[in-house]
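Report on the structure given below.
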Amino acid sequence: MKRLAILVSVLAIGAAGCGSKSTPTAPSNTTVFGPITLLPSNEVPPVTNGENVARGTAIITVHKDTNAIDFSVNVNSFPAGTTLTAAHIHNGPAGVAAGVFVSTGLSSATLPSVASGSGTFSVTVTATADQVSQILANPAGFYFNVHSVLHGAGVMRGQLQ
């Protein structure tokens, strides 16, 4: 009889918890990629001259509900006097060079000076719903890279994954 009373009490407590009015958390409309390691050796072809010592990381946040993409990038170990010229998402898997898919809109005039070897930048752009859907459906099929004067096709790159 004592066991039955305990069982009834446990079931009553469990049933009370089931009737709670808490609302389940809504699914997130934000996907964060990163930190993405940016390396000259990931470029196609790999960078092998003086800029091959450069390194970087990027965090790319995609907002499905607004089609906004946030870029937060840190680069370092560049040779003195390096000038960055652009940064983009490209639609290509690892080992394949591809065209620009989503641009940050930054240029040598708006990217940070890395004359001392390092710099950071952050920017938010608006992509199309189709671009966002494609990135989210297959992130490994896209890469982010940074370009320099010496390497107009890209000085360092990393896959979104």
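The values are calculated or read from the model by the stated rules, or taken from the named source; none is laboratory data. This one's a predicted model, so the numbers in the text were calculated from it and none came from an experiment. Cβ atoms come from the backbone with ideal geometry, glycine included; neighbour counts cover every protein chain shown.
Quick look at the values:
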{"quantity": "Cβ-Cβ under 7 Å pairs, at least 6 apart or on other chains, segment 106-117 side of a type in the set (Ser, Thr, Tyr), far side surrounded by 13 or more Cβ atoms within 10 Å (Cβ to Cβ) and outside any loop (DSSP other than H, G, I, E, B)", "calculated": "107/85; 107/86; 108/84; 108/85; 113/119"}
{"quantity": "Members of segment 41-65 found to be touching a helix residue (DSSP H, G or I) at 6+ places or on another chain (Cβ under 9 Å) and without any contact (Cβ under 8 Å) to a residue 12 or more places away in the chain, listed by number", "calculated": "41, 46, 48"}
{"quantity": "Of the criteria (1) under 14 Å from residue 33 (Cβ atoms); (2) without any contact (Cβ under 8 Å) to a residue 60 or more places away in the chain, which one residue 77 fails", "calculated": "(1)"}
{"quantity": "Count - residues of segment 77-104 that are farther than 26 Å from residue 116 by Cβ, among the hydrophobic types (A, V, I, L, M, F, W, C) and not in a strand (DSSP E or B)", "calculated": "4"}
{"quantity": "Residue among 53, 47, 62, 73 that is buried (at least 16 other Cβ atoms within 10 Å of the Cβ), aliphatic (A, V, I, L, M) and more than 22 Å from residue 131 (Cβ to Cβ)", "calculated": "47"}
{"quantity": "Criterion: modelled with pLDDT of 95 or more, under 17 Å from residue 141 (Cα atoms) and of a type in the set (Val, Ile, Thr) - qualifying residue of 47, 100, 75", "calculated": "100"}
